[in-house]
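The values are calculated or read from the model by the stated rules, or taken from the named source; none is laboratory data. None of the values given here were measured: they were computed from a predicted structure. Because the Cβ atoms are built from the backbone with ideal geometry, glycine has one as well, and the counts that use them run over all protein chains shown.
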Amino acid sequence: MPHLTEPEINAEQLKDVEKFEDLLQRYLGGEIEDDAFRIFRLNNGIYGQRQGGHNQMVRIKIPWGGLLPDQLEVMADIADTYSRGWGHITTRQNIQFHYVELERVPELLRLLGRHGLTTREACGDTVRNVQACHFAGVCPYEKLDVTQWAEATYRHFVRNPLSQRLPRKFKINFSGCDTDCGQAMFNDVGVVATTRIHDDGTSESGFRVFVAGGLGANPHPALALEEFTPREHLLPTIEAVLRVFSNHGNRDNKLRARLKWLVDTMGWDELQGRILKERRLLLGSSSWPGGIPDEVEKNGDAPAGVADGVEVTVLGQGTEQAVATPVQIRSTDPFQRWDGTNVVRGSAKGTVSAVAYARLGDVTSEQFRGLAAIQRDLGLEVRLTNRQNVAFRGLTDEQLPVLFERLSALGMAEPGAELVRDVVACPGSDTCNLAVTQSRGLASAIGAKLEEEGLAEVGGLRVNISGCTNSCGQHHTSDIGFFGAERRAHGQSAPGYQMLLGGYVGQTQVHFGEKALRLPAKVAPEATARIVRRFANEREAGETFRAWLERSGGAKALGAELKELDVFPTPDDGPDFYVDYGETGPYVADVGEGECAGV
């Protein structure tokens, strides 16, 4: 059972608060211009909201998603004292709170610092939260436990002068194997643990580093920098990528400023060569980060190992892949249904893990406190997942019924967390300046439709939604994706969506979803249900959605079959088609000045 420790006070965060408090007072007094203060607060994790005024969104960095009980309880206090009674888990393992008054931000930041947390560089043109697979360290398939590598990377770049004024934001993800649960393949730097076999037959653990990936309106797949990066070269490699980006990224046009655009403007061979040259010369830097990081030396990075009974298939010389059993829900017993879908076993270390379901990534203050009590009472580890749920690790089989009972009391024991009922959505036009639709409302409606049709527990499917083209909901990488768009019908504006099909991330590959058709927002749940039903009825044993899609004619063919749904009745015959989910008045595509993904 893991040893729980109290969070250490984050002294650097407390210093940041003093500066924030000083500059805030000067800003409110008219001494600092809006643009200058905006950059400062963004670098400290504070976004303006759609509602304007002094409404702020506060984003808390949770490196590799790890939280302690006291920190979960602080989230509950923040939700009750500063926000709306609940917080939101993001797809990058952050937690954010909305409707925080600007004048109260310093006291909130001070509270975080006392509990070992920070918002520093959670936003802005900085190195963002460093992610890692939520099963790192307990996964039977991993080549290395990447937890401490992610921690070392976070510590190296937070408040690092190199990462304060980049051309654009910079994202780093870690996966412990090429299954890529950490989603390395669409980030600026994606690190995947691997092994190589030497001529003498010995093996060496290390990494494959992928660079220049990104989503947004123009997604780019990450590209392999080299076949193998030794452990002692990892941090210099990441810093070299960052330095090349800082030196050559587009600082004049924010829409073309991400690292991915250098592949287009510079060419891959030139970009790759500059990164490798920068790494070679980095040895002369006074802050050279080479060698094995202290965090890894102290805590280790040995893989969990494969337990007895887990099948391992040899894919090629020197390459092995553990084969997972597809999730299927067969039992009618509530506990057995949950155990069969939300529980992961197989680590040679003997650990058992389970995922608690957070609908739309939202967690109430009561749930935060309940999760903290569970973690403390059972002596568990907690990590946030990139599908906006909460993973408990370090369980025994004997503890599972207790965990299920307590999660049930919190409303977080739905079977199939991270499957098709677990729709992922960005905040949408509820709070975001750039969104044109209520993506959260659609996500809720799709979930309800799938429940109603008995399709919510179909395995092998994921649905993601963004309120605009910028892909904060990662719609490009899901089996069924939607992004919001304004539609015009009968002389009026109406909420609509573009449906994409066949997105996929895994096996160090990424396929972006292909456009199927555009739909009125109000029929998107029906379109989703039809696709899910057909897949459930037609798929062969073990067949993926993407393979089934290709066998069925592709995205355009399925879109043509749904074309009858792309019809707007007149405003008199179907007034709800002209009102977005959760709204009461006529739809208006009101796009404001963006502070995040779109600029």
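Just to confirm my filter: which helices (runs of 4 or more DSSP H) fall fully inside the range 1-97 and include at least 3 residues that are without any contact (Cβ under 8 Å) to a residue 12 or more places away in the chain?
11-28, 34-43
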State which residue is farthest from residue 573 (Cα to Cα) when the search covers only the range 525-550 and only residues that are of a type in the set (Asp, Glu) and assigned to a helix (DSSP H, G or I). 550
Looking at 466, 471, can you tell me which residue is polar (S, T, N, Q) and free of Cβ contacts under 8 Å to residues at least 60 places away in the same chain? 466
Checklist (1) within 24 Å of the chain's Cα centre (by Cα); (2) β-branched (Val, Ile, Thr); (3) at pLDDT 95 or above applied to residue 570, failing item: (1)
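Looking at 454, 441, 447 in this structure, which one is closer than 24 Å to residue 340 by Cα, over 17 Å from the mean Cα position of the chain (by Cα) and touching a residue at least 24 places away in the same chain (Cβ under 8 Å)?
Exactly one residue qualifies, and that residue is 447.
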Quick one: residue 47 ticks every box in (1) modelled with pLDDT under 95; (2) surrounded by fewer than 19 Cβ atoms within 10 Å (Cβ to Cβ); (3) among the aromatic types (Phe, Trp, Tyr) except a single one, so which number is it? (2)
Provide a single number: the residues in the range 556-592 that are exposed (fewer than 14 other Cβ atoms within 10 Å of the Cβ), farther than 18 Å from residue 526 by Cβ and β-branched (Val, Ile, Thr). 3
Tell me, yes or no, whether the range 101-108 has at least one residue that is in a strand (DSSP E or B) and either crowded, with 18+ Cβ neighbours inside 10 Å or in contact with a strand residue (DSSP E or B) (Cβ under 8 Å, 6 or more places away or on another chain) (or both). yes
From the options 555, 541, residue that is more than 30 Å from residue 56 (Cβ to Cβ) and modelled with pLDDT under 95: 541
Going by what's in this entry, would residue 242 be described as touching a residue at least 24 places away in the same chain (Cβ under 8 Å), buried (at least 19 other Cβ atoms within 10 Å of the Cβ) and within 22 Å of the chain's Cα centre (by Cα)? yes
Quick test for you: out of 522, 449, pick the one residue that is part of a helix (DSSP H, G or I) and either small (Gly, Ala, Ser) or within 27 Å of residue 550 (Cβ to Cβ) (or both). 449
Yes/no for residue 259 being under 24 Å from residue 477 (Cβ atoms) and either under 22 Å from the mean Cα position of the chain (by Cα) or of a type outside the set (Gly, Ala, Ser) (or both): yes
How many residues are under 16 Å from residue 119 (Cβ atoms) and touching a strand residue (DSSP E or B) at 6+ places or on another chain (Cβ under 6 Å) if we restrict to the range 1-49? 6
Given the criterion of a type in the set (A, V, I, L, M), outside the structural domain of residue 475 (by TED's automatic domain parsing) and modelled with pLDDT of 95 or more, identify the matching residue among 306, 241. 241
One residue is enough: does the range 556-565 have a residue meeting the conditions among the aliphatic types (A, V, I, L, M), touching a Gly at 6+ places or on another chain (Cβ under 9 Å) and under 19 Å from residue 423 (Cβ atoms)? no
The conditions are (1) under 25 Å from residue 473 (Cα atoms); (2) buried (at least 17 other Cβ atoms within 10 Å of the Cβ); (3) touching a Ser or Thr at 6+ places or on another chain (Cβ under 8 Å), and residue 217 fails exactly one of them. Which is it? (2)
Would it be correct to say that residue 155 is under 21 Å from residue 292 (Cα atoms), part of a strand (DSSP E or B) and modelled with pLDDT of 95 or more? no
Looking only at the range 262-274, count every residue that is surrounded by 15 or more Cβ atoms within 10 Å (Cβ to Cβ) and more than 26 Å from the chain's Cα centre (by Cα) and tell me the total. 4
Can you pull out every residue in the range 452-474 that is in contact with a strand residue (DSSP E or B) (Cβ under 7 Å, 6 or more places away or on another chain), part of a loop (DSSP other than H, G, I, E, B) and under 21 Å from residue 493 (Cβ atoms)? 467, 468, 469
Kindly indicate whether residue 456 is over 27 Å from residue 222 (Cα atoms) and surrounded by 21 or more Cβ atoms within 10 Å (Cβ to Cβ). yes
Output for Cβ contacts, cut-off 7 Å, separation at least six or different chains, first residue over 16 Å from residue 218 (Cβ atoms) in the range 178-189, second crowded, with 24+ Cβ neighbours inside 10 Å and polar (S, T, N, Q), reads 181/175; 182/131; 182/173; 182/175; 183/173; 184/173; 184/175
